[in-house]
Amino acid sequence: MHSATSARLALDHLTVVDTTPSQLVEAAADAGCQAVCAFLEPMSVLPDMPQFDMHTGSTEFRETRARMRDLEIGLDIAYPFTLTGRSEIAAFRPALECAAGLDAWAVNVLNYDRDPNRQIENFSAFCELAGEYGLNVVLEFFPSSQVKTLEQALGLVTRVNKPDHVGVNVDLLHLVRSGGSLQDLAGAAPEFILYGQFCDGRATCDPEQREFEASAQRMLPGEGALDPAGFARALPRTCRASVEVPQHDALHSGISKAERARRAASGVRSILQNL
């Protein structure tokens, strides 16, 4: 059994997307998780996410920090940090300050920059800036972004060359839908695989439905065809992990936040306990 992934699990915001960060912390504690992966701002592409104002010193910031302290819940990853061709790296300072103020372990990057040279330059500069705040950086590959595959993500993080501090966030769904394999993951240098996101899904998905699948409707771990048990075995022993299972249908059928969080976390734990 992988010691890190079996002992510690974070609840991702997408799993209970209808929460503010402070509510997410409560849901994580109720589900027996030790950490969260949280959005620092509401996302218009996630219509079920409530509005909140999260910045250093805001009411939501103070409330989230207090609940994290009282419930002993950590912040593994802060979202969203998106790099495009127009990104000005210095503009990320306020959000990085907020993440650091919540004692985040890492910040998550999605890269949509089409220029390969600028992509590496800006990503490197972002990693330097995050380092000033004591934050690790995880790069998430995603088929509709400009870092589409595990191979491309590893190419970027190895160029930055800050092992154990700048690495890849591997989402099981993205790995499968991008054409990658568990063998690819198992063969990667462990010091550059820093995070794993558990979920499940159908063996195949219509390309036109993949955005919805990724952001709104995945399957509970162990109920699909993506082999989360094999995913756990392929992750490095030191890798942190979360459960990222958006459940649009369950949400809109009235199943509570607490129950949705519990189902998702329990699914991962059952898999890890049986490795």
### Query
Considering only segment 254-270, how many residues are aliphatic (A, V, I, L, M), assigned to a helix (DSSP H, G or I) and over 13 Å from SER242 (Cα atoms)?
1
### Task
Say whether the condition of being assigned to a loop (DSSP other than H, G, I, E, B), more than 23 Å from ASP171 (Cα to Cα) and without any contact (Cβ under 8 Å) to a residue 40 or more places away in the chain is met by at least one residue in segment 59-66.
no
### Task
Please work out if ALA35 is in contact (Cβ under 8 Å) with a residue 12 or more places away in the chain, surrounded by 18 or more Cβ atoms within 10 Å (Cβ to Cβ), over 22 Å from PRO228 (Cβ atoms) and of a type in the set (A, V, I, L, M).
no
### Task
Determine if segment 193-204 includes at least one residue that is assigned to a helix (DSSP H, G or I) and touching a residue at least 24 places away in the same chain (Cβ under 8 Å).
no
### Complete set of residues in segment 150-192 that are among the hydroxyl-bearing types (Ser, Thr, Tyr) and either in a loop (DSSP other than H, G, I, E, B) or buried (at least 20 other Cβ atoms within 10 Å of the Cβ) (or both)
SER178, SER181
### Message
Which numbered condition in (1) within 21 Å of PRO143 (Cβ to Cβ); (2) outside any strand (DSSP E or B) is the only one that ALA100 fails?
### Response
(1)
### Message
ASP113 - would you say it is in a loop (DSSP other than H, G, I, E, B) and in contact with a Ser or Thr (Cβ under 7 Å, 6 or more places away or on another chain)?
### Response
yes
### Task
Search segment 94-120 for residues that are free of Cβ contacts under 8 Å to residues at least 40 places away in the same chain and pair each with any residue that is of a type in the set (Asp, Glu) and in a strand (DSSP E or B) when their beta-carbon atoms are under 7 Å apart and the residues are at least 6 apart or on different chains.
VAL109/GLU140; LEU110/GLU140
### Task
Hey, could you check segment 247-275 for residues that are in contact (Cβ under 8 Å) with a residue 12 or more places away in the chain and β-branched (Val, Ile, Thr) and say which is nearest to HIS13 (Cα to Cα)?
VAL268
### Task
Return the only residue of LEU129, LEU150, LEU173 being of a type outside the set (S, T, N, Q) and either in contact with a strand residue (DSSP E or B) (Cβ under 6 Å, 6 or more places away or on another chain) or under 25 Å from ARG269 (Cβ atoms) (or both).
LEU173
### Query
Can ALA99 be described as in contact with a helix residue (DSSP H, G or I) (Cβ under 9 Å, 6 or more places away or on another chain) and closer than 27 Å to SER58 by Cβ?
yes
### Query
Is there a residue being free of Cβ contacts under 8 Å to residues at least 60 places away in the same chain, in a loop (DSSP other than H, G, I, E, B), surrounded by fewer than 21 Cβ atoms within 10 Å (Cβ to Cβ) and of a type in the set (Gly, Ala, Ser) anywhere in segment 223-246?
yes
### Query
Which is in contact with a helix residue (DSSP H, G or I) (Cβ under 7 Å, 6 or more places away or on another chain), more than 23 Å from PHE39 (Cα to Cα) and at pLDDT 95 or above, of PRO190, PRO246, PRO228?
PRO228
## Note on the structure
For segment 67-87, the count of residues that are assigned to a loop (DSSP other than H, G, I, E, B) and either surrounded by fewer than 14 Cβ atoms within 10 Å (Cβ to Cβ) or not aliphatic (A, V, I, L, M) (or both) equals 5
### Condition broken by ALA250, with the remaining ones in (1) in a helix (DSSP H, G or I); (2) surrounded by 19 or more Cβ atoms within 10 Å (Cβ to Cβ) satisfied
(2)
### Message
Let me spell it out: the conditions are (1) under 17 Å from the mean Cα position of the chain (by Cα); (2) part of a loop (DSSP other than H, G, I, E, B); (3) not polar (S, T, N, Q), and ALA95 meets all of them except one. Which number is the exception?
### Response
(2)
### Task
With the checklist (1) out of contact with any Ser or Thr (no Cβ under 8 Å at 6 or more places or on another chain); (2) within 18 Å of LYS148 (Cα to Cα) in hand, flag the one item PRO163 doesn't pass.
(2)
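The values are calculated or read from the model by the stated rules, or taken from the named source; none is laboratory data. Because the structure is a prediction, the values reported are computed rather than measured. Glycine gets a Cβ as well: all are built from the backbone with ideal geometry, and neighbour counts include every protein chain shown.
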